[in-house]
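Some notes on the structure that comes next.
The values are calculated or read from the model by the stated rules, or taken from the named source; none is laboratory data. These figures come from a predicted structure and were not determined experimentally. Cβ coordinates were reconstructed from backbone atoms using ideal geometry, including for glycine residues, and neighbour counts include every protein chain displayed. Areas reflect the complete protein model, heavy atoms only, side chains present, ligands, DNA and RNA absent. Shrake-Rupley method; radii C 1.70, N 1.55, O 1.52, S 1.80 Å.
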Amino acid sequence: MSNLALQGIVGIHAMSAIAELLGNKGDMEIYSRNASSKLSQWQDLAFQENHLITAYQTPTSWSVMYNLYSAKMLGLEVDQQILDSQSRFYELQATDASAFGFSYTSEAHLVRSYWLLIASATTTSPGARDIFIKQVHDRFFWNGTTDFPCPSTYNKDTGESNGFPGGRSGLTLGASFSHLALNIPDKIIISSTNSTTTTISPSQGPSRTDASKKTDVGA
């Protein structure tokens, strides 16, 4: 699935940042090139017509691309035209979507509220962002028969969460703060093994910092 493949690419990109933090320039460059190469391949395979597909070579497939969030947070630069097209696609899909939200793939019948909230922070248009948030909001304030007022998993048509594994409210609803997390100020991290100083930026990824601005945050 393309969404999970992106997760792996983000992991490689993260290893580049870790290698830079530890002062291992050789590994950093290897991981960085690898991530860039695989991202390019992924974009060629996953983007078809006007949206990101979930199953390669199946143009009608789609999913809530929540792994775009970690890519955005760690500075893995997905093509802007793809992000814009995906946001427009969400808006088009909303015309036929259940009132309780998008299922997490075109073949599923369950909604994952936390994935909708995370995906809302990856959109490039207020319209697409608001669609996701409103869908979750409407379900949370729905006066239905379920025992769980703010479930993490529920049926997209009925809103019911009873009987679904992991359906109860839980830690996953921390996704409600996904927009705020992208605006956390940069932190300077100093490796205990060498004098490398790296700024971890939610929006731009790792970058070198002037040594005079070092702040030791612990080993």
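Observations on the model:
- Computed over protein heavy atoms with a 1.4 Å probe, the carbon and sulfur contribution to the accessible area of the stretch 1-110 reaches 53%.
- Take 62-70, 76-84 and order them by the average number of nearby Cβ atoms within 10 Å per residue, most first; the result is 62-70, 76-84.
- Note that the stretch 83-92 has calculated 3J(HN,Hα) couplings of 5, 5, 5, 5, 5, 5, 5, 4, 5, 5 Hz, one per residue in order, obtained from phi through the Karplus relation 6.51 cos²θ - 1.76 cosθ + 1.60 (θ = phi - 60°); glycine and proline are x.
- Simple spin-label estimate for TRP142 and ALA108 in nanometres, 7 Å along Cα-Cβ: 1.6 nm
- Solvent exposure of the stretch 1-91 amounts to 49 Å² per residue of accessible area, where only protein heavy atoms count and the probe is 1.4 Å.
- Fully extended contour minus Cα-Cα distance, from ALA99 to HIS179, at 0.36 nm per residue: 26.5 nm
- Links that overshoot a 28 Å alpha carbon limit, given the list LYS38/LYS156; LYS38/LYS72; LYS72/LYS187; LYS38/LYS134: LYS38/LYS156; LYS38/LYS134
- Under Karplus coefficients 6.51, -1.76 and 1.60, residue-wise ³J(HN,Hα) of the stretch 119-124 in Hz, glycine/proline x: 5, 4, 7, 9, 6, 10
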